[in-house]
Ligand SMILES: Cc1cc2nc3c(=O)[nH]c(=O)nc-3n(C[C@H](O)[C@H](O)[C@H](O)COP(=O)(O)O)c2cc1C
Ligand code: SF4
Ligand code: FES
């Protein structure tokens, strides 16, 4: 069960650095049964690789002692997991009631407009150059500072259209090697 | 202004004060962990009836006496829930702190986690010690990335200070607390869905009976699931004593609770009040700054997005106990409703998760409901046909109405669908949660819906 990553054939092309390997093992050890750590392991993998590839899912399955299918069904159920790489700058805008009343849908439309994406589409959309992903998400539990959004891990409260424009500019002028978070 | 209502901050006492920081040193300087230390040192004590109660039994008794109700949404009495746990079982007993906080309009748990994580940890320690728990989890929603980091840091500090781990404070008690992150699915807030998720499965809720967590929970073991705010309240019950705590609030709904007010008000925010001692009007006007200039009130969603909407101008019949014990009935307008479970129930709604969303006359009832319906269509776990299909149909019909492509029969269809989802046809209470807004909005703002679906002249 807890054999090294070579246990699954496809995992061969996956490079898991020792620090990640150790973090995963440490996570799994906290649970009464390894499978319990599934979400934490998937978060760790997604944080590292940016998305969950089939190889990553197989690797996780081997670690958790379950079939790859049983990990895949988590990756496809939970909205935070992705099976494709997102844009380098990932905007998540709250669309739920208090934020919508404060203009969040207009912010989303503005972002889409500026980036050439479809304002009517609520799900994740990525620009052709792979720089930006924009999506609407549900209530982020900060309704008193509506409208709110994430740009990567930066949380922005009481967001204004001008601020959103500035954020796009900053992202566009970010040096290529920075990760933007 | 005379009679302005004041907050009654107990859980939130320190957390917004200048200089208050979320680290252990600051928490300790403000008396933190003293209650837990006292709990851990409780000697067996004799009751007037001649029974001897262990320390943990005394804590459980205080929580039962307090009458504290859960703050996660269902409002179930905490002490009663704990009493369902079989403490003599040879299986481990688990405690899960529900920090999934995903009910639209609710944002109190995040504040506690960010600004006073040790208060939550102390509450978990007390609840765990009282119920023979040695492994606890904090299930925190995936989007609270910073919150999870703050909790991990706080837990490390507590471990370093001997407050967590093996042989806590040298008194022979062991407890581990593990922070577990969700990944963006609302249904993980439902306690049995949460448990499935924590076992590494899709969060499909389990059917009750038999899967009441206190009886058959995590890994089929007895499991206590309590909300973040409930566990903080437990700390204060332990500090004050159950009878003292019960003097706050109103009979049947004691204590304080953190009410989140958002939507179209001037100063949206979170306010801790004595339950039943502030009215909706005082919450909205005195605490949340009232409506924007020139606006009038249209509606209030009083307890999270699933609570039935209340329309401005409605009158409700409330029952009051007179000092001599006799019950009298009084009529109350929307803004005169005291914020407590019984009053909100008499108005046909609920306090739910303590989240008030205010709509003024600039808001469209159809748009507001369509927004809520989209949430539920997105978040249904899909396990039960009435919920999966019904929530999606309601969402699609409402989108059609918004695009002005609605048909006159759509209003009746919405009512019929919303009527056919709840009532024991689904595994979990999400069925009710997605139906109540549709039922209430259509019943109360039917004219707006009909106007938007009328055939063009
Ligand atoms: C669809 C649904 C979503 C829920 N979401 C939450 C939530 O985000 N946080 C929470 O504490 N309770 C939530 N609950 C209530 C929990 O199932 C459970 O009753 C609660 O966590 C128990 O804790 P308490 O007794 O301390 O309130 C939800 C319930 C349902 C039916
Ligand atoms: S009622 Fe809805 S959310 Fe609950 S189990 Fe059924 S399908 Fe899932
Ligand atoms: S509605 Fe956007 S944070 Fe709650």
Away from ligand 3 (no atom under 16 Å from the Cβ) and farther than 19 Å from residue B:64 by Cβ: does that describe residue B:274? yes
Any residue that is away from ligand 2 (no atom under 16 Å from the Cβ), touching a residue at least 60 places away in the same chain (Cβ under 8 Å) and under 20 Å from residue A:102 (Cβ atoms) - is there at least one of those in the stretch B:326-342? no
Members of the stretch B:269-287 that are more than 17 Å from residue B:335 (Cβ to Cβ) and either assigned to a strand (DSSP E or B) or within 14 Å of chain A (Cβ to nearest Cβ) (or both): B:269, B:270, B:272, B:274
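Just to confirm my filter: which strands (runs of 3 or more DSSP E) fall fully inside the stretch B:141-250 and include at least 2 residues that are away from ligand 2 (no atom under 16 Å from the Cβ) and either modelled with pLDDT under 95 or over 26 Å from residue B:61 (Cβ atoms) (or both)?
Numbers: elements: B:165-168, B:173-181, B:223-227.
Once the strands (runs of 3 or more DSSP E) in the stretch B:141-250 are filtered for at least 2 residues that are away from ligand 2 (no atom under 16 Å from the Cβ) and either modelled with pLDDT under 95 or over 26 Å from residue B:61 (Cβ atoms) (or both), what remains is B:165-168, B:173-181.
Residue by residue through the stretch A:126-151, note down the ones that are within 14 Å of chain B (Cβ to nearest Cβ), within 20 Å of residue A:82 (Cβ to Cβ) and assigned to a loop (DSSP other than H, G, I, E, B).
Here is the first cut: in the stretch A:126-151, the residues within 14 Å of chain B (Cβ to nearest Cβ) are A:135-151.
Cutting the leftovers down to within 20 Å of residue A:82 (Cβ to Cβ) gives us A:135-138, A:140, A:149-151.
Of everything in the stretch A:126-151, those that are within 14 Å of chain B (Cβ to nearest Cβ), within 20 Å of residue A:82 (Cβ to Cβ) and assigned to a loop (DSSP other than H, G, I, E, B) turn out to be A:138, A:140.
Would you check if residue B:56 is away from ligand 2 (no atom under 16 Å from the Cβ) and part of a loop (DSSP other than H, G, I, E, B)? So that I can check it myself, show each step before the final result.
Values: away from ligand 2 (no atom under 16 Å from the Cβ): yes; part of a loop (DSSP other than H, G, I, E, B): no.
No.
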Residue under evaluation residue B:387, criteria (1) in contact (Cβ under 8 Å) with a residue 60 or more places away in the chain; (2) more than 22 Å from residue B:298 (Cα to Cα), criterion not met: (1)
Starting from the stretch B:86-107, keep only residues that are within 11 Å of chain A (Cβ to nearest Cβ) and surrounded by fewer than 24 Cβ atoms within 10 Å (Cβ to Cβ), then list their pairs with residues that are modelled with pLDDT of 95 or more and part of a strand (DSSP E or B) whose Cβ atoms are within a distance under 8 Å, requiring at least 6 positions of separation or different chains. B:92/B:135
So is residue B:449 more than 16 Å from ligand 2 (Cβ to nearest atom) and either closer than 30 Å to residue B:194 by Cβ or out of contact with any helix residue (DSSP H, G or I) (no Cβ under 8 Å at 6 or more places or on another chain) (or both) or not? no
Any chance residue A:154 is within 12 Å of another protein chain (Cβ to nearest Cβ), within 20 Å of the chain's Cα centre (by Cα) and surrounded by fewer than 16 Cβ atoms within 10 Å (Cβ to Cβ): yes
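Report whether or not residue B:207 is farther than 25 Å from residue B:112 by Cα and either touching a helix residue (DSSP H, G or I) at 6+ places or on another chain (Cβ under 9 Å) or within 14 Å of chain A (Cβ to nearest Cβ) (or both). Don't jump to the end; show me each part of the working.
Working: farther than 25 Å from residue B:112 by Cα: yes; either touching a helix residue (DSSP H, G or I) at 6+ places or on another chain (Cβ under 9 Å) or within 14 Å of chain A (Cβ to nearest Cβ) (or both): yes.
For residue B:207, the condition - farther than 25 Å from residue B:112 by Cα and either touching a helix residue (DSSP H, G or I) at 6+ places or on another chain (Cβ under 9 Å) or within 14 Å of chain A (Cβ to nearest Cβ) (or both) - is met.
Is it the case that residue B:441 is more than 16 Å from ligand 1 (Cβ to nearest atom) and in contact with a strand residue (DSSP E or B) (Cβ under 8 Å, 6 or more places away or on another chain)?
Working: more than 16 Å from ligand 1 (Cβ to nearest atom): yes; in contact with a strand residue (DSSP E or B) (Cβ under 8 Å, 6 or more places away or on another chain): no.
Here the answer is no, as residue B:441 does not meet what is asked.
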Which condition number in (1) closer than 24 Å to residue B:116 by Cβ; (2) surrounded by 11 or more Cβ atoms within 10 Å (Cβ to Cβ); (3) in the same structural domain as residue B:151 (by TED's automatic domain parsing) is the one that residue B:57 fails? (1)
Within the stretch B:265-277, which residues are surrounded by fewer than 22 Cβ atoms within 10 Å (Cβ to Cβ) and more than 18 Å from the chain's Cα centre (by Cα)? B:266, B:267, B:277
Of (1) farther than 28 Å from residue B:196 by Cα; (2) touching a residue at least 24 places away in the same chain (Cβ under 8 Å); (3) assigned to a helix (DSSP H, G or I), residue A:74 satisfies every one except (1)
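The values are calculated or read from the model by the stated rules, or taken from the named source; none is laboratory data. These figures come from a predicted structure and were not determined experimentally. Neighbour counts run over all protein chains shown; Cβ positions are idealised from the backbone, glycine included.
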